[in-house]
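Okay, so here's the structure we're looking at.
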Amino acid sequence: MVQEEVKCYHCGTSCEEEVIEKDEKSFCCNGCKTVYEILSENNLEDFYAIEGTDSRKRVGTTPARFDYLDLPEVQEKLVEFSEGDSRLVSFHLPAIHCSSCVWLLERLHLLHPGVRQAQVNFQKRTARVSFDISELKLSDLAYLLSSIGYEPRINLAGLENKDKSSDKSLLYKLGVAGFAFGNIMLLSLPEYFGTHSPELDAFAPFFRYISLVLSLPVLLYSSLDYYTSAWKGLRKKHLNIDVPIALGIVVLFVRSVYEIAVLDMPGYFDSLAGLLFFLLLGKWFQRRTYDALSFDRDYKSYFPIAVTRLIGEAEVQTPIYDLKVGDLIRIRNEELIPADAILRSKTALIDSSFVTGESLAVEKQCGDKIFAGGKQKGESIELEIIKPVDQSYLTELWNHNIFQKEKGSTFKSITDKVSENFTYGLLFIATIGFIAWSFVDIPTAFYVLTAVLIVACPCALALAAPFTLGNSLLIFGKNKFYAKSADTIENMADVDTLVFDKTGTITAAENYSIAYQGKPLTPAQRAAVRGTVQHSNHPLSRQLYRHLNQELAAPVVDFEEVPGSGLLANTSEGAVKIGSGKWMDNRILSNKLETRVYIAFDGIVQGYYTFKNVYRDGMQQVFNHLSNTGFQLNVLSGDHEGEKNTLQTMMGLKTPLVFNQSPEDKLNFIAALQPGKNVMMLGDGLNDAGALQQANVGLAVADDVHAFTPACDGIVDAKALHLLPSFLKFSKDAMGTIRKSFVISFLYNVIGLSFALAGVLTPVYCAILMPISSISVVAFVTFDTRRIAKRNGLVVNN
């Protein structure tokens with residue numbers, strides 16, 4: 001009999017494990033039912049009308065989980081404002097994703113009188129909540145948010161970085177330059193159009209000196225970064241792009257002051273302010289990134305702030321850095337183990353996939369050592385700490401030298417390569433022009449010298465890369481690839497070798513292909529199996545329950561779960577035994593390369609289910625395309641080699657496949673590949689962090705880009721991983737766009753220098769040529785990046 005699918009009224013997921021009824025509506029769990037009850041009691045049922053029910057996530061937590069938020073030392077760092085009973089706190093809520101989320105959260109005061117106001121920052125997925133601590137404790141506020149499906153993400157890194165603010169100095173400098181540019185142009189309009197009248201001529205000197213005053217902040221503040229960079233380059237005997245820019249800025253200002261004060265001419269202050277405005281606009285455009293994402297996470301972004309410590313019969317919330325060797329702690333379902341410890345409970349089911357790369361949770365017995373970073377699955381367990389947090393295996397990995405190095409572009413930027421020759425050529429032409437004119441007229445010679453330095457200032461050259469790479473960052477973002485900076489794109493253009501992690505990167509997380517082998521099971525027997533695994537919280541039981549969704553779960557009695565072995569139950573089909581082969585029959589040898597779950601009825605083994613990883617959609621095509629275009633492929637996994645034959649079929653027999661690798665093994669593997677090669681590493685977990693940092697380009701693959709990912713150069717949404725060949729090709733093509741824009745800049749300089757060397761460069765010519773060159777380069781690179789993106793199959797419009 002086929003079971004009709006029932007969907008949860010709140011979260012929209014299938015009610016596979018249980019169906020809870022309330023007001024003639026079905027819910028998949030008590031958490032979703034509780035949210036519905038809270039909304040109904042407060043007349044907020046309109047929440048379900050704003051967006052379809054499939055937008056919400058199933059929820060569930062326990063109040064005790066947030067008790068640590070009431071610790072004074074935690075509140076001191078977390079609370080932003082405190083006066084009397086008033087408190088203000090900001091929480092990161094990853095579940096925020098649509099208008100209904102904003103609608104509900106900003107009505108939080110209707111759910112509890114202790115909440116005064118809530119404001120949501122949709123882009124950063126944060127909620128700023130003002131509340132009365134005499135009516136609502138901080139821990140209760142966190143639980144309230146969690147109970148309606150928006151559990152706060154609070155970790156060590158977030159607590160330590162609470163006071164850090166973003167650097168807005170570039171934005172301020174851009175604003176100053178833009179203000180000066182606009183106003184100086186307005187004051188210069190009569191000069192542009194050659195308008196003369198007694199009234200205008202009387203005010204002309206005044207307007208010129210006002211322009212001089214307006215240009216001073218541009219010269220002294222907005223230009224500061226260019227002076228600093230030029231000076232650092234000269235000290236290192238290197239002519240970077242900022243040397244001719246700084247020289248042009250100074251010459252523009254000095255020449256303009258001389259013309260106003262001595263020659264009663266208008267000067268070039270509009271060109272000076274415009275030059276800085278466009279340069280800073282390009283720099284800001286290139287620096288823009290995705291504020292809601294974090295690319296520099298370490299283990300602190302994964303660790304909780306506090307855990308439950310056991311003192312006799314009492315439970316005390318304790319910051320993890322206060323834990324000492326010998327302390328007993330309690331870890332609940334889905335909580336992370338913060339330090340290396342010994343298991344004191346009878347059994348545990350530890351998911352270490354994010355740390356070791358093992359695809360399945362592992363059974364642990366009393367006395368087993370458990371490393372930091374694993375998560376408990378199932379009932380709570382007790383652990384005895386054997387190492388402080390800062391000496392655990394996971395923390396020692398982060399103390400590796402590779403994490404102390406600043407990672408930037410691995411090669412000299414394309415702009416700097418061109419700028420050296422440009423600067424030498426500019427100085428040569430200026431000198432030749434000065435010498436040639438000095439035989440005719442010394443004042444004109446100085447005029448020509450400064451004119452060459454002014455008109456050939458590499459504004460267009462300096463704008464090409466920032467706007468090309470800035471556009472590329474935006475296009476990548478629209479295709480669910482979020483690069484940390486422009487350096488990532490430059491480095492990707494040079495990649496020739498790719499290394500893939502397996503579990504969670506090229507395979508779908510928590511998704512398995514399940515197949516049965518053995519004596520065929522009758523529909524009634526399958527129903528009995530489904531009814532038995534329904535009562536187990538083991539990951540394999542949950543996967544098998546979902547796999548058998550064509551059968552109604554048969555009722556069972558005398559259910560028993562034997563930790564580390566399997567399940568027992570009595571059904572209408574007889575006694576059911578589900579578990580490992582050795583538990584079924586000592587003669588059955590365990591298969592370390594394949595995960596099997598055996599089925600027996602009345603003591604007779606019928607067969608077994610095999611669990612294999614499911615590879616992400618399109619991975620076969622990705623491997624084929626990359627191999628055919630000359631990339632060297634590698635697979636590096638912390639898991640066993642059970643998928644070796646499958647991967648060889650997908651990637652070819654010559655592709656290096658390396659299994660059972662520790663995090664340090666992965667890092668060393670990347671380092672050994674790098675001499676003579678540019679390596680991209682793709683991973684998803686903490687076990688890949690060292691390799692991601694060591695690689696020339698490290699990309700984290702995430703099913704949820706706002707969830708935890710290790711430190712990396714970019715985050716790829718797992719749904720967009722099939723576009724990897726397009727991302728690589730687009731990066732190479734973007735470098736070609738920059739080179740083509742240099743040709744436009746060269747043509748502009750040829751025209752401008754012809755005016756300068758002829759001694760006829762006037763402020764009007766300068767005011768026309770410099771903006772035209774900047775606008776033409778920006779327009780070209782914008783058009784060309786969109787063109788090459790479409791050619792590579794990428795989306796350019798939302």
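Screening segment 1-104 for helices (runs of 4 or more DSSP H) wholly inside it with 2 or more residues that are open to solvent by 20 Å² or more (accessible area, probe 1.4 Å) and modelled with pLDDT of 65 or more returns the ranges 30-41, 72-78. Within segment 641-657, residues that are over 18 Å from residue 618 (Cβ atoms) sit with their Cβ atoms under 9 Å from residues that are of a type in the set (A, V, I, L, M, F, W, C) and open to solvent by 50 Å² or more (accessible area, probe 1.4 Å), at 6+ positions apart or across chains, in these pairs: 641/593; 642/593; 644/593.
Reported count of residues in segment 222-237, each being modelled with pLDDT of 85 or more and assigned to a helix (DSSP H, G or I), is 6.
The number of residues in segment 108-148 being closer than 20 Å to residue 41 by Cβ, out of contact with any helix residue (DSSP H, G or I) (no Cβ under 8 Å at 6 or more places or on another chain) and assigned to a strand (DSSP E or B) comes to 0. Residues in segment 319-336 that are under 15 Å from residue 390 (Cβ atoms) and β-branched (Val, Ile, Thr): 320, 325.
Evaluated against (1) in a helix (DSSP H, G or I); (2) modelled with pLDDT under 80; (3) crowded, with 17+ Cβ neighbours inside 10 Å, residue 240 falls short on exactly one condition, (1). The residues of segment 71-93 that are closer than 16 Å to residue 145 by Cβ and charged (D, E, K, R) amount to a single one, 87. Going through segment 365-378 one residue at a time, which ones are exposed (fewer than 14 other Cβ atoms within 10 Å of the Cβ) and touching a residue at least 60 places away in the same chain (Cβ under 8 Å)? Correct list: 365 only. Of all the criteria given as (1) over 19 Å from residue 725 (Cα atoms); (2) modelled with pLDDT under 90; (3) open to solvent by 60 Å² or more (accessible area, probe 1.4 Å), the one not satisfied by residue 672 is (2). Note on segment 493-596: enclosed strands (runs of 3 or more DSSP E) holding 2 or more residues that are buried (at least 20 other Cβ atoms within 10 Å of the Cβ), among the β-branched types (Val, Ile, Thr) and at pLDDT 85 or above are 574-579.
Taken over segment 70-92, the criterion of being of a type in the set (D, E, K, R), under 19 Å from residue 106 (Cβ atoms) and touching a Ser or Thr at 6+ places or on another chain (Cβ under 7 Å) is satisfied by 80 alone. Taken over segment 250-277, residues that are buried (at least 24 other Cβ atoms within 10 Å of the Cβ), more than 16 Å from residue 446 (Cβ to Cβ) and of a type in the set (A, V, I, L, M, F, W, C) amount to 6. Restricted to segment 437-480, and to residues that are hydroxyl-bearing (Ser, Thr, Tyr) and modelled with pLDDT under 75, which residue is surrounded by the fewest Cβ atoms within 10 Å (Cβ to Cβ)? Ranking the candidates gives 444 first. Pairing each residue of segment 541-554 that is touching a residue at least 40 places away in the same chain (Cβ under 8 Å) and over 19 Å from residue 596 (Cα atoms) with any residue that is of a type in the set (D, E, K, R) and surrounded by fewer than 16 Cβ atoms within 10 Å (Cβ to Cβ), provided the two are 6+ apart or on different chains, yields C-beta distances under 8 Å for 549/5.
Residue 378: on the phi > 0 side of the Ramachandran plot and touching a strand residue (DSSP E or B) at 6+ places or on another chain (Cβ under 6 Å), yes or no? Considered against the rule, which asks whether it is on the phi > 0 side of the Ramachandran plot and touching a strand residue (DSSP E or B) at 6+ places or on another chain (Cβ under 6 Å), residue 378 comes out as yes. When residue 614 is tested against (1) more than 16 Å from residue 515 (Cα to Cα); (2) in a strand (DSSP E or B); (3) open to solvent by 30 Å² or more (accessible area, probe 1.4 Å), just one condition goes unmet, and that condition is (1).
Could you tell me whether segment 113-125 includes any residue that is surrounded by fewer than 18 Cβ atoms within 10 Å (Cβ to Cβ), under 24 Å from the mean Cα position of the chain (by Cα), at pLDDT 85 or above and not small (Gly, Ala, Ser)? Looking for residues that are surrounded by fewer than 18 Cβ atoms within 10 Å (Cβ to Cβ), under 24 Å from the mean Cα position of the chain (by Cα), at pLDDT 85 or above and not small (Gly, Ala, Ser), one finds at least one in segment 113-125, hence yes. The residues of segment 606-618 that are at pLDDT 90 or above and on the phi < 0 side of the Ramachandran plot, listed by number, are 606, 608, 609.
For segment 336-364, give me each residue that is at pLDDT 80 or above, assigned to a loop (DSSP other than H, G, I, E, B) and open to solvent by less than 50 Å² (accessible area, probe 1.4 Å). The answer is 337, 338, 339, 340, 345.
The values are calculated or read from the model by the stated rules, or taken from the named source; none is laboratory data. What you see is a predicted model, and the numbers here were worked out from it, not measured in a lab. Neighbour counts are summed over all protein chains in view; Cβ atoms, including those assigned to glycine, are modelled from backbone coordinates with ideal geometry. The accessibility values were calculated without ligands, DNA or RNA, using every heavy atom of the protein model including side chains. Shrake-Rupley method; radii C 1.70, N 1.55, O 1.52, S 1.80 Å.
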